[in-house]
Amino acid sequence: MGISLIKFAAPIKQGAQLLYALVADQTRIELNGKHSDKTRSNVLLVENDSTDMGLLVFGITTRSRYSIEILKIAIDYSIPLQLMDPKKMGFFQAVGSGDERFPFRLISEQRFQLRSMLMHAFALIAQFPPGIRQVPARISVHARTIRTLTGGVESVGRTQITSNLYRIVLADDRLLGINIPPNHSLTTIQPFLIQCGLTASGYGANSSALVRERFNGATESPGVAEHPGTNTDG
């Protein structure tokens, strides 16, 4: 009887370990855009600069308690919308998607580390044709978990793709910044946003924005700006 129990215990333990690994390796990626008081889910707002053009700004964060490595960000869309890399700095590259519904794609394969309580911001120029106020698009984030095991060994999870459909909407009203959850920080690796600064808004106490200053010598200095539920311009 004892030997039989041991035989059954081993596969049960292996199954539990596999289940734990599958749960622990979930990247739990979330994406937020600029918002107004009436913003609905899966809507990304673009503030109209009076020429039917504006910045599509969004932030990526995670609910995972482990570090996340972002491998690629892909934005798929179709005409008549035009999406462009700001100032053509090369951070986002135009490629074909092979998808009939969304034949155009902008991708960034700049890898970076993402952790809980931190949001990375990105921006694209969005040009709408006359008479068009909203268009569908798909944003996909390729990511994987990085866990530190006993003894300092790193365990890298499988690549997961978090893909969602959004409505990109041109807004004539003044928009608020990106929603920053309480106790979160905001940063960016995109050169365009580093140079021009960040705009974000937090809700609740103890939210903050991590801003980078660019000096004449092209050096960057990170700093944290605390703000209790107000807009922050970096």
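The values are calculated or read from the model by the stated rules, or taken from the named source; none is laboratory data. In this text the structure is predicted, and so the values were computed from the model without any measurement. Glycine also receives a Cβ, built like all others from the backbone with ideal geometry; neighbour counts cover every protein chain displayed. Just so you know, the surface numbers come from the protein's heavy atoms only, side chains and all, with ligands and any DNA or RNA stripped out. Shrake-Rupley method; radii C 1.70, N 1.55, O 1.52, S 1.80 Å.
Key figures for this structure:
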{"quantity": "Accessible area (Å², per residue) of the range 72-191, counting only protein heavy atoms and a probe of 1.4 Å", "calculated": "49 Å²"}
{"quantity": "Rounded to the nearest 10 Å², the accessible area of R111 at probe 1.4 Å", "calculated": "150 Å²"}
{"quantity": "Antiparallel bridge percentage (DSSP; both residues within the range 37-196; nearest 5)", "calculated": "85 percent"}
{"quantity": "Accessible-area composition of the range 69-157, carbon plus sulfur, in percent [1.4 Å probe]", "calculated": "51 percent"}
{"quantity": "Computed label-point distance, nm, for sites D172 and K88 using a 7 Å Cα→Cβ extension", "calculated": "3.2 nm"}
{"quantity": "In Å², nearest 10: area of M89 left accessible to a 1.4 Å probe", "calculated": "70 Å²"}
